[in-house]
Structures are given as C-alpha cells and as structure tokens.
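Below: one structure, written as structure tokens.
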Amino acid sequence: MTHDQQGSGPARRAVLGAAAALGAGGAVFALPGTAAASDTPATDTAARHGGHGSSKLPVPTVIGHRGSSGYRPEHTFGSYQYALDIGADVIEQDLVPTKDGHLVCRHEPEIGGTTDVSKHPEFASRRTTKTIDGTATTGWFTEDFTLAELKTLRAVERLPANRQRNTLYDGRWEIPTFEEVLQWAEEQGRKRGRPVWLHTETKHPTYFRKLGLGLEERLARLLRRYGRDRKDSPQFLESFESSSLQRLGALGIAAPKIFLLSDLTSRPYDFVEAGDPRTVADLVTPAGLRWIAHFARGIGPTLLLIIPVDATGKLGTPTTLVRDAHAAGLILHPYTMRNENTFLPADFRRGTDPNAYGDAFGAFKKYFEQGIDGIFSDNADTALLARQDFLKS
C-alpha cells in the first residue's frame with residue numbers, strides 16, 4: 001500500500017455538485033454485476049463495527065502495516081510472523097505479479113529498494129525505467145522476473161536511514177507469494193484456534209491489466225481456493241482503484257472491501273485512464289461516500305483526511321470525514337501510524353533526532369478520539385497499548 005502520508009494541508013474538502021461526484025466516468029465502473037447507484041449500500045452492523053458474523057474484530061482494529069515493518073523488513077514472513085506474535089488483529093499484504101503470473105508480496109513492483117537484486121550481476125541488464133501510473137521509475141520490476149528468479153533474491157529494509165536496526169535482518173527472508181501467505185495464515189490459525197485476518201491490496205491494477213497480468217482474476221482464484229471469498233471471511237481487500245474492487249465483486253468475491261484514499265487533490269489512476277475528473281475531494285463528500293458504499297465496506301484514508309496538519313506540521317481541526325463515512329455505512333481504516341519523530345505530526349515529536357521515537361501514544365489517542373474503526377501501524381504493539389489506554393479512558 002502507498003501508506004506513506006502525503007501532505008494535503010489544512011484545506012477542507014470541497015463540496016462539489018452531485019453530477020461531478022456521481023456521474024462522471026461511469027464507463028470505468030460498468031463491470032458485470034457492479035452495484036448501480038440505486039442499490040442499497042452495505043450498512044450491516046457487523047461490518048460497520050469491523051466484525052463479520054461471529055468473527056468480530058476489536059475496535060479500533062490494529063492492522064499490521066506490511067506486517068511489522070517498524071521492526072523487520074516489510075512483506076517478509078519475519079515481518080508477518082512478528083506482527084502476529086505481538087498481537088496485530090490483521091496483517092497486511094500488497095500484491096504485484098511476476099512475469100509468469102504469480103502474485104507476490106511487495107510494496108511496489110520496483111524491488112531495487114526492498115531486495116538485494118542490485119547485488120545480483122545476472123540481473124544487472126534488467127534494470128530499466130518504466131512509467132507506472134504516470135510516474136517514471138527506474139529499477140528492477142517484478143513483472144520482468146519469473147517466480148523462480150525472484151526466489152533467488154532476499155529482502156532488505158526499505159528505510160535503512162530511518163530504521164538502521166532493521167538492517168540487521170537484511171538478506172534473511174525471501175519474497176513470499178500470496179499463496180504461501182494464505183498457507184501460513186491457515187497454519188497459524190490452526191495453532192491459535194482462531195482465524196488469522198488478512199488485509200490485501202491490489203497494487204497498480206490498471207497498469208498490470210494493460211500488461212496482460214490482471215490481478216483480480218488471479219487473486220479471486222486464490223481466495224476461493226483458501227475459503228476467503230465470502231462475506232464473513234477473515235479477509236479485507238483493498239485498493240486505490242475502485243474498479244479493482246468492483247471487478248473482484250463482479251467475480252463473486254464477497255469479502256469486505258476497503259477503498260483507499262490519498263490526498264485531496266489526487267485522482268485514482270483508473271479515473272485518470274477513463275477521463276473521470278473526480279478527485280479524492282469529490283469522493284469524501286457525503287455524496288461521494290454514498291457512492292463508495294455501493295461497492296465497498298469501508299474506506300482507507302490517509303490520516304491527513306481525518307485531521308489535517310497546519311503550516312507547522314501540527315495537527316489542525318478534524319474534518320467531518322469519520323462522521324460522514326459512518327453516516328454512509330462505511331468503516332474507516334486510515335493509514336499509517338509510525339513511532340518515529342519523522343513520521344509523526346510536529347506536536348508529537350520529541351527531541352531533535354528524527355529517527356527517535358516520539359509521543360506515538362499521544363498521536364494515537366487523537367486519532368482514536370475521532371471514532372475511527374481501525375488503523376494501519378508499523379508498530380502494532382504500540383497501537384495495541386494505545387488502544388488499551390483509550391478504551392480505559
């Protein structure tokens with residue numbers, strides 16, 4: 001997930017006309033079985049509170065962001081296992097494809113910063129520049145490697161300047177396939193006597209579909225194979241592209257879906273491709289949220305959409321997004337909380353070292369007070385203690 005906060009400033013959401021919020025770019029969403037504007041939004045109580053059937057989740061739900069990426073290189077079994085061991089309620093994966101069509105867990109298809117590929121001379125010629133969602137990126141890309149080739153690589157820390165201690169684990173773990181994660185979740189669920197919840201993102205789905213590597217069909221097959229395709233499955237599905245979530249629904253995947261939202265001025269890339277003029281500012285209006293509720297169980301907004309920051313980087317006045325989303329029957333899983341000063345709002349930083357821990361507990365309290373239903377965190381143990389404090393208060 002692109003879960004690094006993007007600055008949107010203190011600007012409030014613009015209330016735009018219903019025609020702009022609901023009517024533009026309809027062709028993007030004309031998938032078989034897609035809910036129409038007149039359909040009833042998903043508003044059942046279990047979904048609203050982050051639980052499904054008898055498998056209820058604690059609220060606010062703590063989602064281990066890429067596993068436990070505050071402590072281990074992200075999207076590795078070391079990261080996933082540690083997140084589960086320290087108590088995360090849900091474990092997140094980001095999915096990208098290999099050249100031969102396997103789904104693997106990487107934050108982005110470019111793997112120069114998350115693996116040791118640059119140290120493999122046999123792959124030096126694969127370094128290239130590609131344009132993904134309108135942005136030119138240079139490096140090595142999963143879609144240019146077979147799964148067998150990717151398995152010769154080892155994961156490294158993505159943020160070594162900020163998380164020097166995590167580099168201790170560089171080279172220890174390989175890139176997991178999503179099927180391996182599903183098998184791991186089954187095994188861990190049996191050991192614990194309860195389901196292991198997953199939160200799984202389709203990365204750049206429009207880009208990959210153009211390459212003939214559509215993510216949704218591959219994901220749907222795996223979800224069915226491992227019994228995670230139902231409405232009450234211990235499985236969230238997330239994407240920054242609404243058409244990806246709708247396609248999964250059209251494929252018969254009923255597991256709860258979360259529509260990810262970046263900063264106010266951004267446009268989902270499937271909107272860009274279809275000429276749909278809407279921005280996130282349109283989507284977070286009451287009308288936009290009602291539209292989202294026809295195909296998703298909730299939204300995953302950047303934390304800046306919950307509480308913007310002012311010119312000094314301090315938290316400003318909360319928006320009405322939580323209230324408006326709940327009114328539309330949607331749950332909220334905002335992203336991303338991290339413990340280090342450099343990632344915290346300025347009013348919760350402590351000392352002068354940007355990589356030292358700040359007052360993460362204070363920041364968690366402010367976000368929990370807004371009524372969010374869950375939160376992505378690189379440090380699930382901190383989030384769990386913060387939740388405990390909040391629920392006691």
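The values are calculated or read from the model by the stated rules, or taken from the named source; none is laboratory data. Here the structure is a predicted model, which means the values were calculated and not measured. Neighbour counts run over all protein chains shown; Cβ positions are idealised from the backbone, glycine included. The area values use the complete protein model at the heavy-atom level, side chains included, leaving out ligands, DNA and RNA. Shrake-Rupley method; radii C 1.70, N 1.55, O 1.52, S 1.80 Å.
Could you order the peptides 354-361, 275-282 from most to least packed, using the average number of other C-beta atoms within 10 Å per residue?
Final packing ranking: 275-282, 354-361.
Have a look at segment 262-352 and give its Rg and Dmax from the Cα atoms, expressed in angstrom.
Using the Cα atoms of segment 262-352, the pair Rg, Dmax is 14.8, 47 Å.
Return the FRET efficiency for the residue pair Lys210, Leu385: r is the Cβ-Cβ distance, R0 is 45 Å, and the value is rounded to the nearest 0.05.
Rounded to the nearest 0.05, the efficiency is 0.55.
Using a 7 Å offset from the Cα along the Cα-to-Cβ direction at both Asn355 and Lys130, what is the distance between the two label points in nm, to one decimal?
3.0 nm
For segment 62-115, what is the accessible area per residue in Å², given a 1.4 Å probe and the full set of protein chains?
I get 19 Å² per residue for segment 62-115.
Which of the helices in the chain, when you take each full DSSP H run, stretch at least 15 Å along the axis at their Cα atoms and have an average Kyte-Doolittle score of -0.5 or higher?
380-392
Run the dipole for segment 53-106 about the Cα centre, Lys and Arg Cβ at +1, Asp and Glu Cβ at -1, nothing else charged, and hand back the magnitude in debye, nearest 20.
Dipole about the Cα centre, nearest 20: 40 debye.
Which whole number in µm²/s is D for segment 217-284 by Stokes-Einstein, with the Kirkwood Rh taken over Cα pairs at 25 °C and 0.890 mPa s?
191 µm²/s
So for the pair Asp232, Leu168, with labels modelled 7 Å out along Cα→Cβ, what separation do we get in nm?
The modelled label-to-label distance comes out at 4.3 nm.
About the Cα centre of the chain, what is the dipole size in debye to 20, counting +1 per Lys and Arg Cβ and -1 per Asp and Glu Cβ, all else neutral?
Result for the chain is approximately 520 debye, rounded to the nearest 20.
Using a 10 Å cut-off on Cβ atoms, rank the peptides 77-84, 166-173 from the highest mean neighbour count down.
Output ranking for 77-84, 166-173: 77-84, 166-173.
So which aspartates and glutamates pass the test for Lys210, namely a Cα distance under 14 Å, with those fewer than 8 places away in the same chain ruled out?
Qualifying aspartates and glutamates at Cα under 14 Å: Asp133, Glu143, Asp270, Glu273.
With every protein chain kept in place and ligands, DNA and RNA left out, what is the accessible area per residue of segment 195-248? Probe 1.4 Å, answer in Å².
That works out to 31 Å² for each residue.
Under a point-charge model restricted to the Cβ atoms of Lys and Arg (+1) and Asp and Glu (-1), what is the dipole moment magnitude of segment 57-197 relative to its Cα centre, in debye to the nearest 20?
My answer is approximately 400 debye.
Could you pull out every residue, at least 5 positions away or on a different chain, whose amide H is within less than 5 Å of the one on Trp197? Hs are placed 1.01 Å off N in the peptide plane, and Pro or chain starts have none.
Sorted by chain and number, the residues that satisfy this are Ile91.
In angstroms, what radius of gyration and Dmax does segment 96-183 have, counting Cα atoms only?
13.0, 35
Report, to the nearest whole %, how much of the accessible area of the chain belongs to carbon and sulfur atoms, 1.4 Å probe, protein only.
Of all accessible area on the chain, carbon and sulfur atoms account for 52 percent.
Using 7 Å Cα-to-Cβ label points, what is the Ala148/Ala254 separation (nm, one decimal)?
4.1 nm
Considering Cα pairs under 8 angstrom that are at least six residues apart, work out the relative contact order of the chain and quote it in whole percent.
23 percent
What length, rounded to one decimal in nm, is gained on full extension from Lys191 through to Thr342, with 0.36 nm per residue of separation minus their alpha-carbon distance?
50.6 nm
Two decimals, Cα atoms only, Kirkwood Rh: what is Rg/Rh over the chain?
0.94
If we sort 296-309, 61-74, 224-237, 253-266 on the protection proxy, mean other Cβ atoms within 10 Å, highest first, what's the order?
My ranking of the peptides, most packed first, is 61-74, 296-309, 253-266, 224-237.
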